[in-house]
Each structure stands twice: as C-alpha cells, then as structure tokens.
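> Here you go, one structure.
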Protein chains: 2
Amino acid sequence: MSKRSGRLVRYLWLFVAVAALFFLGFIAGWFAKRTHAGYTDTASSKYLQEFLEEMQPSRIREHLRKFTRLPHLSGTEQNLKYAEQIQSEWRDFGLDSVEMVPYDVLLSYPNASQPNYIAVVDAEGREVFNTSLAEPVPEGYEDVANIVPPYSAFSAQGQPQGDLVYVNYGRTEDFFQLQRQMGINVTGNIVIVRYGKIFRGNKPFPEGWNLPGGGAQRGNVMNMNGAGDPLTPGYPAKEYIYRSRLEDGVGLPSIPVHPIGYHDAFHLLKNMGGPIPPDNWKGALNVSYRIGPGFTEDFQNQSVRMKIYTNNQVTRIYNVIGRIPGALEPDRYVILGGHRDAWVFGGIDPMSGAAVAHEIVRSAGKLLSKGWRPRRTIIFASWDAEEFGLQGSTEWAEDHAKLLQERAVAYINADSAIEGMYTLRVDCTPSLHTLVYQLTKQILSPEPGEEGLSLYDSWHKKDNWTDDRDAPRINKLGSGSDFEAYFVRLGIAAGRARYTKDRKSERYSSYPVYHTVYETFELVEKFYDPTFSRLRSVAQVRGGLLLLLADSQVIPLDANQYALALHKYSRSIATLAQRHLAAMQEHQVSFDSLSSAVDNFTLAARHFHERLLNLHTANALQVRVMNDQLMYLERTFIDPLGLPGRPFYRHVIFAPSSHNKYAGESFPGIYDALFDIEHAADQARAWREVKRQISIAAFTVDAAAVTLTPPA
Amino acid sequence: MSKRSGRLVRYLWLFVAVAALFFLGFIAGWFAKRTHAGYTDTASSKYLQEFLEEMQPSRIREHLRKFTRLPHLSGTEQNLKYAEQIQSEWRDFGLDSVEMVPYDVLLSYPNASQPNYIAVVDAEGREVFNTSLAEPVPEGYEDVANIVPPYSAFSAQGQPQGDLVYVNYGRTEDFFQLQRQMGINVTGNIVIVRYGKIFRGNKPFPEGWNLPGGGAQRGNVMNMNGAGDPLTPGYPAKEYIYRSRLEDGVGLPSIPVHPIGYHDAFHLLKNMGGPIPPDNWKGALNVSYRIGPGFTEDFQNQSVRMKIYTNNQVTRIYNVIGRIPGALEPDRYVILGGHRDAWVFGGIDPMSGAAVAHEIVRSAGKLLSKGWRPRRTIIFASWDAEEFGLQGSTEWAEDHAKLLQERAVAYINADSAIEGMYTLRVDCTPSLHTLVYQLTKQILSPEPGEEGLSLYDSWHKKDNWTDDRDAPRINKLGSGSDFEAYFVRLGIAAGRARYTKDRKSERYSSYPVYHTVYETFELVEKFYDPTFSRLRSVAQVRGGLLLLLADSQVIPLDANQYALALHKYSRSIATLAQRHLAAMQEHQVSFDSLSSAVDNFTLAARHFHERLLNLHTANALQVRVMNDQLMYLERTFIDPLGLPGRPFYRHVIFAPSSHNKYAGESFPGIYDALFDIEHAADQARAWREVKRQISIAAFTVDAAAVTLTPPA
C-alpha cells in the first residue's frame, strides 16, 4: 500500500469510527435520559416481562418429574447421569457454554455389608431391640434400588455401649442445664437428642405431608466451618491439590452418631429411668421423658449399643456450570446456583429448586434466541455434594476465588423452592431489599382467590414486618446452603427465595419429611403445589433478580438499605450487652465507635445515591466507576483474617453464630464474644475480646463507608 | 414548565449531549489510532519529557539540605515539623489535597536518664570497661540536640551478666555449627555478633565514606512479620482500635540487645578465650577471634554485663498523604511512597529518597499548572516510623486495605536513593521490567564522561544480566522497606530504584555509615553525588514510572515478563530440591503441577498481549476490562491464608524467606518447607509440607493464568 492510500484508508477508518460512535452516542444519549433515576431501566424491564412470562408451571412440573425418579446421592452414578442430562439440556436451551467441573472430595457412606443401627442389649450382650435398618418405602417406589438408609454422614465409626441420657435438643444450654442444675455428666454415656419440633404434625405421609414414624432424617454431622472438602480447606479439591490425612481433616466429628425415627425413639425412651425433666424438655411421644442415665429398675441390666460402620471416602463430584457471556461487561458475573445432589429422590430438597432453576435457564435461552444478551455475564451452577457440607459450591468458590472477588456482582441461591403453602420467604443481604420489593410488585400472586393481586401484596398481607416497617418481612441470610462460601467467605451480595409455611403457627424446622425417602414428586404435587404455580412464582423471583442484576445499566443494589440494617443490628447488639452493665463500666466497654461508624456509613450511602441520581449514564467509565462501588460494597465487610478461630467465616456483619449454627447472627464477632462472657473463666480477658471485636466491626463499617465516597 | 416546553428542553439537551459525544468520539477515535500497539502512548510521552526535564539537581540538593539539618526520629517533635513542612510545600507545589494521617503505634526509645551500655565486670562486680554511650559527633553538628545514641529498638530491658560467646554473623547456620560441631551451647551466655562485612572499609568518615570506629548502627530488632504496629496486627492503629497488651505484642524480642562500634568490639573480643573458629568466621579486627565462652585465663574472673533500659511506648506518628485525582479513572491509584523518619539526620536513609520524591511532586505540580491531569489518581506518601518496622506505611495499608485491593495499580517505593556511586539498581515485580527498560532508555546517564549515553546503556554496561539475558540486571523485591505491605500483603505491583555500588567488588551490606550519626548532607555531597545528578536520575526513574503508570491509557505492565520469571524460579527451586532425590522419590514429591501451571500462565500471558494489540482503544469499557486484568495480575498471587505461620506474608511468589529476612525468595512457601527438611525431626511430615506448598503454588499460578484469559 502506498503511503497516500494508507492515509486515505486511515481517514476512511476514522470516518466510519466516528459515524459509528455518533450512532452509539445517540442511542446512549437517548436512553440515558430515561434510566438514571431508578433501578430498573426500561430496556431491562421490557425483557423482564418476557422473561417472567416465559416461565410455565407445566414445564416446572416436567423438570421436577424428570429429575426425581431415581435416588441421586452425591458421588453416585445416577447423580452424574442427571448432571449430564442437565448439561445437555442447558446446551439445548441455548447457553453459550456448559461445562462439567469435577472435584475429588471427602464424602461418607454407610457400609453396604454392615448396616448401622442401635440396639438395646441385655446383660449377656444379646440384642433385645434393634432400630430399623431402613425407612418403609413409599408406594410406587418399592422396586427402586440405591436408597441409602438414614445415616449421619461423617459420623465416626464405632460400637460404643453405655447408658442412655436424654439431652433435649442437645444445645449448649441443654448440656449446661444437665450438668449444672441436674448434676448429670454425659461422659461415657450415649445421648438421645430430639430434633427441632418435628413431632407436632398430624397426618403422616402419604395421607398428609407429615413424617411417618419410620422416617428418619439423613444429614451430615460435620462441624460446619465453611471449609468445604475437609481435606483441602482453603483450596479446591483438584487432582493436583495436596490432601491432608483423614486424621487432620477439618470438622470431622470424633463420636459415632445415628438418626432414628420416632417409632424407634419411643422404644428407646419408654423404659428410661432417672429424674423427670422440666416440661419444656418434653416432646409429644407418649413416654415420661426421663433423663437417665439408663433404664428403670426393671430393665437395669440393659444398656444401649450403637453399631456404626459408616466410611469416609474421597469421591468424585460434578458441578455443572453454564454461561451467558455479557455483551458489554463480560467481566462482571451474576450467579444463580443450587445443588442437585439429594439424600434420596430430593422431591423438595433440592429438586424443587433445581426444577425452578432449569426453567429459568430455559426462559433465558428463549430470550437469547430473540437476540437479547445481558449486559453482564450470567453463570448458572448445578452444585454437587451440598448435603455433605456445601462441598461442590465451596470447592468451585475456592477454585475461582480471585475472579469472583474481582468480578462477582451477586449470587442468587437455588436450593429447595418450597417448604410450605403459605407465602413467599426471602432471605438476602440488605442491599437487595429494594430490588426484591420492586420485583415482587411485578409478579402475580400464585394463590387461588388472589387473581390480580401482586406477589408483593399477597406476601405483605401474610407476613408484614410490623416491628421494623410496613413491608413484607425479609430475613437475614443464615447458613446451610450453597450461598455460604459466596456470601460469608467472599463477600458477594447474595439472596434466596422460596415458598414457605406460616412462621407464626407452624413452628417446626424446615418441613416434616425433610431428608427422608418421603420427599418425592408426589409429595410436592399432592400437598405443596398442585398447580405448580407457587414454584413458578419462586422461579420468577429468582430469575427476575438474576436478570435485573445482570442487565440493568446501574447495578440495582441499595446501600441505604444496608445502612438501615446496620443501624438496627448495632442497636440490638448494644442492647444485648446492657445485661452486663456493671461489668461493661468496669472494663470500659463502649459501643460508641460502632455507632459512629454506622452513622458515617449512613451518610456515605445517602450521598452515594444522590450522586447516582446525577450520573451521566452515557459515560461508560463513569457508570463503571459507580457500579464498582456498588459491587464492592458487600466485599468491604469481609475481614481477611476471619472471625476468631473461624478462618472461612470472614463476613463481619453476617455469619452463622458459633453457638447456633442455623441462625444468621449480625456482628457475629461481637455476638460470640458476648456469649462467651457468661462462661469465661477469665472475665477480664473475655471483655478484652468483646472490645477487640467492637473495634474490628467499627473499622470494617467505616471502611465500607469509604467505599461509597467519591473515589479520589 | 408546560409539557411541550419540557419536551423541547429535553430535545435541546439531547442535541447538546449528542454534539458533545460526537466531539468526544472524534477525539477518542483520533487518538485511538495511535496508541493501541505499545506501552507508552504519545500523549503520555509528550508529558513524560516535560516531567523529567523539570527535575533539577540543584532543587534536589536544596530539598536534601533543608530536611537533614536536625535529627528527626519517628515520634519526635522535629519529625512532625518536617511533616508539616512537607504538607505545606506539597500544597504549594499544586497537589489537590495533602492531609496529615496520624496513627498511635508502639515505638521504642532509650531511657533518657539511664543510658544503655555493655560493661566488662570483675569478680567484685566493678565495671573495668564500658562501651561508649554515644558516637563522636561529626564536625558542624556539635551543638545539635536530640541525637539518639546507638540502640536496638524494641530490645527487651534487662541487666544480664555472663560469659561472652562469639557467634560469627549469628545466622541459624552459625548457631548450628557452634552447637553441633564445636559443642558450644550459648544458653545463659551473652553473644557477640558481627554485622555483615562491614569491617572491610578503609578511609573512615569524614575523610572517606567509611565507618569510624566509634560509629554503631541503630536499628530495630523486631522479629519482622509484616504486621506493622505490634499491638494492632491486621488493623490500623487508630484511636478506636483495640490494642493488645504489651506481652501479647507480635514480634517483640525477649532478650536484651545492643549495637556497638568496632572500637568497643575490639575491647570485648581481645581477651576472649576458648577455641579458635574456622577462618571464615574471622573478621578484620586485629584479634584472634576466639569463640569463648568467656575470657582467657588472665581475665577469667571477668564477665560481661549488659545494661539495657530501653522503653517501649505508644507514640503518635504522622504520614503525609498528597493526591492528584485522576481525570478519567479517579478510582485507580498509582502510589509513590517513602519514609521521612530517620535514626539521626537521615542524610542517605531516607532523606536522599525523600528529597527525590519532593522533586517529583514539584515537577508533577508544574505539569498540573500547565493544564495536565493524569488519567488515574496519583498518591504521594511521606511515611513515618519505617525504622521501627515499616509502621507508617503498614498502618496506612491496613487502614485502606479494601480500597487498595480494589483500586491500586502500582506502588513505587522512595526510600534511600543512593547507596553507592556506580550505577542504577532496580528491584521490582517482573511485570514492570519492560517499562523500566523503556523508561531508562529515555533518561540520560548521570556519570561524568557518559554525556549523550542513556541511563539504560550506562547501566547495561556496568551490570549486564549475562546469565539470563542481555539487558541490565533487575533484582527481585526483597523486604525491609515500605513497599512490603503493598506488595507482599496486598499484591500490588511494586518497584524501587536507587543508585548503587558495584555489587561484584563492594560486597558489604547497604553502605558503611548506614544508620549512624555520620549519615549527613555532607556525606552525600562530598562522596556520593557531588553534582546531585545521580539523584536526579533516580528521581527521573521513580517519577517516570509513576507518570507512565498513572497516565498511559493501557496500564504498562507486562505479563510476559512475569511468565519468564516464573519459569526461571520454578526451575531453580526444582533444581534445589534435587539435593534430596532419593527422599523425593520415596515421598512421591513432584514439581510437575507447578511446571505445568507455569506453562499455562505463559500461554495465557502471550494470548493476553496478543489481544491487547487488537484492543479497540476508543471503547472505554473494553480498555477498562483489559486494564483490570493487568491491575489484578499481581493480586492473584496473594493467598488470603498467608504463608505457613506468617499471616501477613501472603504473596506466593515473593516474600522474605523466614530463614534469611533480607533475601526476597521466590516461591517462599516451597523454599521454607525445603529448608526445614534438613532439620525436621519428622521427615515424612516435612515432605508432606513440601508437597502441600507445591500444590498451593501451582494452584495460585493457574489462577493467575485464568485472570489473563477472556473474561467470560
């Protein structure tokens, strides 16, 4: 090419570029005018309606039917088959890529040739009563193979024998009460523990949704600590990663454990001797609930023996990861993830959630086929081995920790989509509150007789948050599902939604047949959601959040809501501390720094959203600068040093309390330190720890405020 | 406003926006064509020349003269005065903001009324010899107050008495040799240790640049661990942050320590008894260098007593932080930081560096006055309390950890700018190599007789890196200066540059009068840099790096250079391991995963830079997406769990080795684990640790490779 024609080409190129830019600028300018005030911009909303309307109850029913025919415990062939089927269907739905991501993690199974059970033995060691080896199988599933019997995964092996002691719910406070008030030490005995308030039900399955007497809950009994695979804490369980020895594994219990149904429990409890416990220790079984140790005089030569042969073994698991690369910001990720592995069929847990996620993927594929592509990358995940301690999701988070920290905007969880027939339940980070309310106003109630009513209004009517505000209640994120590594370890804004029971009248944990063989497709279709419209609503909530987070120009997170929540939490923890007023004065403990940090944050959040209103949305760099501040807001609450003694629980505002794993306590460091006060031998030291935790929390909230101030 | 006129206003607004966009687009398009191939784009280069030429030797001389008149130990009034002067002058130079940032940290000072010294005492406890209480003060400084005598900061207090043992350099291997080969246990004795190879000099100051016999090196004797303030590890030492008790402080030594000059050492050594050590234990003093314990028979009733009254105390320190907010990306930071506190006058350490930084700020202010503003935010820092364990810089890094992790592009260190008269010395992260070479080709050599020669060529001639490549040697970043928290803890690309001695012939540590009262303005002017043109060259290197990192459209970091370095390091550590071939086979240790990870990284880096060549530089979002990958590259090498037992050393590729604090070892986890092999009681366990460290390193390098692949 001559120099002159080279220059011509360059000018032509320039002309084309300028013309293209002009056009782009025009389009950008046009839309800019409309979008800078609210969260959901017009473009996204248009697609939102199409996206939500595409989701069909009949499709969700199909997905659930298809994926609950066979047991698919993590690590089994059937669970791999379902993974392959999901991979293939997600591809057919139109995702750009769907990969299978394996890890080799420690799982735990009963020994196939030596079943676990608990026996009552007489003085000669003869077994006079044995607990059942399996649950009676529900009708229609009699010929199904590979139903794992009820067991406690990761239980230690052993055949301990001893006297039985009844320890109520087995909480710390129950053991304290036993030891301090009743003078009973459980060391050397076998304890029998009741679960939640599970006996309240009336009609058992298959006539109703309650637990039959032969049903028993599977589950893992690890000391949950956020590490994922116990042999590779902090690192992904990939083929070349070093595995610690079993004896160094984190969170593995050292005592044998076994779950039994209430028929078996009745037989073990009925002859127990010893003192009668307080009334609030008594359950609904027709026995006298004596504490023990051991049986009454008539049976005093009998004791209890556990026979536990459960094995730990390193096993390959499979996550399925599907992607829709973003059009404008491929390096920003919005994730929808839920597990696929089930204890047996997984009718509710997790396939009600997996079916919903499947329908969301299908609907997103439909939009793609119409030419839509989200602004940011969407990632869909079908996790494995959740039931063994959130392993699939945690290993993937460990594998991609750096990218996720730098790029993840939000994580929406897709575990069980229904646990009752009453109304919506949402647990999420405070910055998602506004979006949840906005979205649910655009979704219809699935309840019969509420035609035309929005999901928001239906939910509001049934679960108004009267203490705090006139709006539906939204819960804190607790733990126990796959969002944990994303939220509590990495600090990614997260949320979950499901249909739930009436929390005021139905005060049992989860749902009666939880983790039993009775969690079938029929259970859901007969009792929980005959028209599958409740599941559709859940699909619309989960999917709608995903789409708006991925496709809105300005990330729809609300820092003001975080400020409100922090204010409430800091006040409530300061109030809790007032129980120890004299000691607080003696040790010069003050919540002033925390309360002042919350004030700083509140002001920073307000100013940030004021600046957002004036954002010049046609300036791509300015939009990105503001979006980065929103994305990193949740990240600022992460302390890289972790909570005391819990390196993988790093969120300073939300973490499972170490004293009640299933509650999401706010300011967990302070909370735990305060709890320890009551039992600490060295009070001065314990109060120093309270002060230390307050200062860390105040510093973290201050840092979060700085994240929201103008960058330079 | 009527609906119609509202619409009119909206259309007018749209027209203005479109016209402005057109203009912006045109400008962007125009420049896009020129900038997308190389590192240093035209715009920056134009300003680069102006920026470099503005820096004047005479100005640097002035700055140095001004800031070395009085001692300014950290925590003293004079050091605050200099901070205020710097703040005020930086404001005058034109920085947009300059703030004073205080922290309250643990420092350590001699007791003003009870001086520290070492005595030889006779059987009756009478002191027959005392070491000197101060250094003879250099001419011209006789009337200066507040010269702190030589001491070891953070030494324990105490008056121990015992026999002297000579332990060579006091390295781990020296103590091993004493115990295992000579059968001498030092427990209960006082040890005398020689420093580096400091006795080699000939003409002492003021006739030459060597150490007089009365000079002794101040310094801190903390067990350096990256924590900054020993009482607030992991958190900034702000007013509301909880401080641990002194006995829980991290890194504080438990034995008394004291530095002495070689005249005093001669008196202590000359009468020592016991065996004669190997020749390589002998220094240049005219004594027989016996090991001890204790003195010869003639003096056997004499022993040695240390009298150390040094106090730890929480003291307020002051960083000065100046800013130039970036025009386009205010949320991207490039930092130039160096300390201000000095043991006495700080003629070299640190004021030669502070004078250079001052001149860089002045030159940047000059550019600002001409209408320039960098693309990214530039931050200038004058750190306090570096001499007490990098405290000012570390506390600020802890205070702003979240923002720095999310936003910092690079950190350039500005400690002592000269330690010899020979050539340039650069220590930096591999991704800065290319930029350092490019920049030094645009700077002139300061050496007399090299007029017209580039700094690069002068440097190349004197210190060619013949083993690795035909280019000037660039060193790994070690430790011991303020970049540490930024590089080793936070993973921010970092570098330092200074003028140095001939490393082949001048094999002593740092420079002879290091940390003595003889570090004066006159020392620099008479011996190190009479024309101040060497310091000017250092200013141009440090300043040039800063400007190009802050102002180039594409961040001038080179991932290919990182790949080369990783390749070299992984090969060399695998070679080191070959010493234990049989054991490696027995324990199935392999470096394959690491070497394969390095290959993956190499490929990813190459492809990344290929994509960079085709970057559409007019697309602001695309440029940012690529720049984010470059910025986060160094970050991916950070392991949040830290190196084993060293939570604040988190860089998997570079960290001070725990066995030789002053060396920057690559793959420190593997290196340390291998070192332990030789001394481990449980070999199987030690090899497991080697394997674990290899797998962590391989995983980290793999994650770095993923950072450089296309985002979705």
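The values are calculated or read from the model by the stated rules, or taken from the named source; none is laboratory data. All of these numbers come straight from a predicted model, not from anything done at the bench. Cβ atoms come from the backbone with ideal geometry, glycine included; neighbour counts cover every protein chain shown. What goes into the accessible areas is simple: the full protein's heavy atoms, side chains included, and nothing from ligands, DNA or RNA. Shrake-Rupley method; radii C 1.70, N 1.55, O 1.52, S 1.80 Å.
> Report the normalised scattering of the stretch A:388-466 as log10 I(q)/I(0) at q = 0.22 Å⁻¹, calculated by the Debye formula with identical scatterers on the alpha carbons.
Debye intensities relative to I(0), on a log10 scale: -1.09.
> Follow-up. Taking 0.36 nm per residue of sequence separation and subtracting the Cα-Cα distance, how much length would be gained by fully extending the chain between B:GLN78 and B:SER97, in nm to one decimal?
Here the answer is 4.6 nm.
> Can you list residues whose amide H is under 5 Å from B:ASN475's amide H, if they're 5+ apart or on another chain and H is modeled 1.01 Å from N?
Those qualifying (amide H under 5 Å, at least 5 residues apart or on another chain) are B:VAL426, B:ASP427, B:CYS428.
> Express the Stokes-Einstein translational diffusion coefficient of the stretch A:540-695 in µm² s⁻¹, to the nearest whole number, given a Kirkwood radius over alpha-carbon pairs, 20 °C and a viscosity of 1.002 mPa s.
Numbers: Rh = 17.7 Å.
Stokes-Einstein gives a translational diffusion coefficient of 121 µm²/s.
> Additional query: Please arrange A:HIS616, B:HIS339, A:HIS580, B:HIS263 by accessible surface area, largest first, computed with a 1.4 Å probe and ligands excluded. Intermediate values should be presented prior to the final figure.
Working: A:HIS616 80, B:HIS339 0, A:HIS580 40, B:HIS263 110 Å².
Listed by decreasing accessible area, they come as B:HIS263, A:HIS616, A:HIS580, B:HIS339.
> Largest first and to the nearest Å, give the Cα extent of the stretch A:126-231 along each principal axis.
So the three principal-axis extents are 50, 40, 38 Å.
> Through the Karplus equation 6.51 cos²θ - 1.76 cosθ + 1.60, θ set to phi - 60°, convert the phi angles of the stretch A:339-348 into ³J(HN,Hα) values in whole Hz; use x for Gly and Pro.
8, 10, 5, 9, 5, 9, 7, x, x, 9
> While we're here: What FRET efficiency would be calculated for the residue pair A:SER113, B:SER58, taking the C-beta separation as r and a Förster radius of 60 Å, to the nearest 0.05?
Details: r = 90 Å, r/R0 = 1.50.
Calculated transfer efficiency: 0.10.
> Limiting things to C-alpha atoms, what are the Rg and the maximum Cα-Cα separation (Dmax) for the stretch A:157-315, in angstroms?
My reading of the Cα-based Rg and Dmax gives 18.6, 59 Å.
> Looking at the P(r) of the protein assembly as shown, how many percent of alpha-carbon pairs lie beyond 54 Å?
Here the tail beyond 54 Å accounts for 32 percent of pairs.
> How crowded by other chains is A:234-241, given as the mean number of beta carbons from other chains within 10 Å of each beta carbon? It would help to have the intermediate numbers written out before the result.
Working: counts 5, 7, 3, 0, 5, 2, 12, 6.
Partner-chain Cβ atoms within 10 Å, mean over residues of A:234-241: 5.
> Using packing as a proxy for protection, rank A:172-178, A:236-242, A:367-373 so that the peptide with the highest average count of other Cβ atoms within 10 Å comes first. Walk me through the numbers before you get to the answer.
Details: A:172-178: 15.3, A:236-242: 19.9, A:367-373: 13.3.
Taking the mean over residues of other Cβ atoms within 10 Å, the ranking is A:236-242, A:172-178, A:367-373.
> Which Cα, out of B:SER505, B:LEU435, B:VAL488, lies furthest along the positive dipole direction of the stretch B:377-522 (beta carbon charges, K/R +1, D/E -1)?
Checked the options; the winner is B:LEU435.
> If you don't mind, another one. For chain A, which semi-axes, largest first and in whole Å, follow from the square roots of 5 times the eigenvalues of its Cα gyration tensor? It would help to have the intermediate numbers written out before the result.
Details: eigenvalues 436, 194, 115 Å².
Listed largest to smallest, the semi-axes of chain A are 47, 31, 24 Å.
> Under 11 Å from the Cβ of A:ALA237, count the other residues' Cβ atoms, weight Lys and Arg +1, Asp and Glu -1, and hand me the total. Please report the intermediate quantities before stating the final value.
Working: positive: A:LYS238, A:ARG243, A:ARG316; negative: A:ASP104, A:ASP229, A:GLU239, A:GLU395, A:GLU398, A:ASP399.
Around A:ALA237, the surrounding residues sum to -3.
> Starting from the Cα of B:ALA327, move 7 Å in the Cα-to-Cβ direction to define the label point; list residues of the stretch B:361-392 whose amide nitrogen is under 18 Å from there.
In the stretch B:361-392, the label zone of B:ALA327 (backbone N under 18 Å from the point 7 Å along Cα→Cβ) covers B:363-379.
> What does the charge count around A:VAL287 come to, taking other residues whose C-beta lies under 13 Å from its C-beta (Lys +1, Arg +1, Asp -1, Glu -1)?
Working: positive: A:ARG194, A:LYS270, A:LYS282, A:ARG290; negative: A:ASP264.
Local net charge: +3.
> Further, regarding this structure: State to the nearest 20 debye the size of the charge dipole of the stretch A:62-117 about its Cα centre, where the only charges are +1 on K and R beta carbons and -1 on D and E beta carbons.
Numbers: 5 positive and 8 negative charges, 65 e Å.
About 320 debye.
> Looking only at other chains, what is the average number of their beta-carbon atoms within 10 angstrom of each beta-carbon in B:618-625? Spell out each step's value before the answer.
Working: counts 4, 4, 6, 8, 4, 2, 7, 7.
Average per residue, whole number: 5.
> Note the direction-averaged projected area, equal to a quarter of the hull surface, for the Cα convex hull of the stretch A:211-256, in nm².
Numbers: hull surface 19.6 nm².
Taking a quarter of the hull surface, the average projection is 4.9 nm².
> Let me ask something additional. Note down the nm distance, to one decimal, between modelled labels 7 Å out along Cα→Cβ at B:GLU239 and at A:GLU50.
5.8 nm
> Sum -39500 (n - 2.57) across every DSSP H segment of at least 4 residues in the protein assembly as shown, then divide by the residue count to get the 222 nm mean residue ellipticity, nearest 500. All intermediate terms of the calculation are to be shown ahead of the outcome.
Numbers: 36 runs with 508 residues, N = 1424.
Roughly -11500 deg cm²/dmol at 222 nm, from the helical runs in the protein assembly as shown.
> In bins 10 Å wide, starting from 0, what share of all Cα pairs of the stretch B:450-606 does each bin hold, as a percent?
8, 23, 35, 21, 10, 3, 0
> Would you mind classifying the stretch B:423-490 by shape? Square roots of the alpha carbon gyration tensor eigenvalues, ordered a ≥ b ≥ c; an a/c under 1.5 is rounded, otherwise it is prolate if a/b is larger than b/c and oblate if not.
Working: a/c = 2.31, a/b = 1.88, b/c = 1.23.
Cα axes put the stretch B:423-490 in the prolate bin.
> Compute the Rg/Rh shape ratio of the stretch A:416-460: radius of gyration over Kirkwood radius, all on alpha-carbon atoms.
Details: Rg = 11.1 Å, Rh = 11.3 Å.
Here Rg/Rh amounts to 0.98.
> With the alpha-carbon atoms as the only input, what is the per residue convex hull volume for the stretch B:474-538 in Å³? Numbers along the way, then the final one.
Details: hull volume 8.1 nm³, N = 65.
Output value, Cα hull per residue: 124 Å³.
> Using modelled backbone amide H atoms (1.01 Å from N, in-plane), which distant-in-sequence or interchain residues come within less than 5 Å of B:SER509's amide H?
B:LYS197
> Which of the residues in the stretch B:383-417 lose at least 40 Å² of accessible area when you go from the chain alone to all protein chains together (probe 1.4 Å)?
In the stretch B:383-417, residues shielded by partner chains: B:LYS402, B:LEU403, B:GLU406, B:ARG407.
> So what is the accessible area of the protein assembly as shown per residue, in Å², with the probe set to 1.4 Å?
Values: 54560 Å² over 1424 residues.
Heavy-atom accessible area per residue stands at 38 Å².
> Let me ask you something else. So, in nm, how far is label A:SER254 from label A:ASN475 when the simple model puts each one 7 Å beyond its Cα toward the Cβ?
About 3.4 nm separates the two model spin labels.
> Heavy atoms only, probe 1.4 Å: what % of the accessible area of the protein assembly as shown goes to carbon and sulfur, would you let me know? It would help to have the intermediate numbers written out before the result.
Values: 27970 of 54560 Å².
Its accessible area is 51 percent carbon and sulfur atoms.
> Averaged over A:515-525, how many beta carbons belonging to a partner chain fall within 10 Å of each residue's beta carbon?
On the way: counts 0, 0, 0, 0, 0, 0, 0, 0, 0, 0, 0.
Per residue, the average neighbour count from other chains is 0.
> If packing is taken as the average count of other Cβ atoms within 10 Å, what order do B:46-56, A:222-232 fall into, highest mean first?
On the way: B:46-56: 17.2, A:222-232: 24.5.
So the peptides B:46-56, A:222-232, ranked by packing, come out A:222-232, B:46-56.
> Provide the buried accessible surface between chains B and A in square angstrom, both chains summed, 1.4 Å probe, rounded to the nearest 100.
Details: alone 30330 and 30230 Å², together 54560 Å².
Roughly 6000 Å².
> Still on this structure: About the Cα centre of the protein assembly as shown, what is the dipole size in debye to 20, counting +1 per Lys and Arg Cβ and -1 per Asp and Glu Cβ, all else neutral? Kindly include the intermediate steps, with their values, before the conclusion.
Working: 148 positive and 156 negative charges, 800 e Å.
The calculation lands at about 3840 debye.
> Another question, if that's okay. Filter A:LYS81/A:LYS366; B:LYS270/B:LYS307; B:LYS504/B:LYS568; A:LYS46/A:LYS441; B:LYS441/B:LYS461; A:LYS441/A:LYS461 down to the pairs with a C-alpha to C-alpha distance above 18 Å, please. Kindly include the intermediate steps, with their values, before the conclusion.
On the way: A:LYS81/A:LYS366 25 Å; B:LYS270/B:LYS307 21 Å; B:LYS504/B:LYS568 22 Å; A:LYS46/A:LYS441 15 Å; B:LYS441/B:LYS461 13 Å; A:LYS441/A:LYS461 13 Å.
Over 18 Å apart, Cα to Cα: A:LYS81/A:LYS366; B:LYS270/B:LYS307; B:LYS504/B:LYS568.
> Moving to a separate point now. With θ set to phi - 60° and the Karplus curve 6.51 cos²θ - 1.76 cosθ + 1.60, what are the ³J(HN,Hα) couplings of the stretch B:165-178 in order, to the nearest whole Hz, using x for Gly and Pro?
10, 8, 10, 6, 7, x, 7, 3, 5, 5, 5, 4, 4, 4
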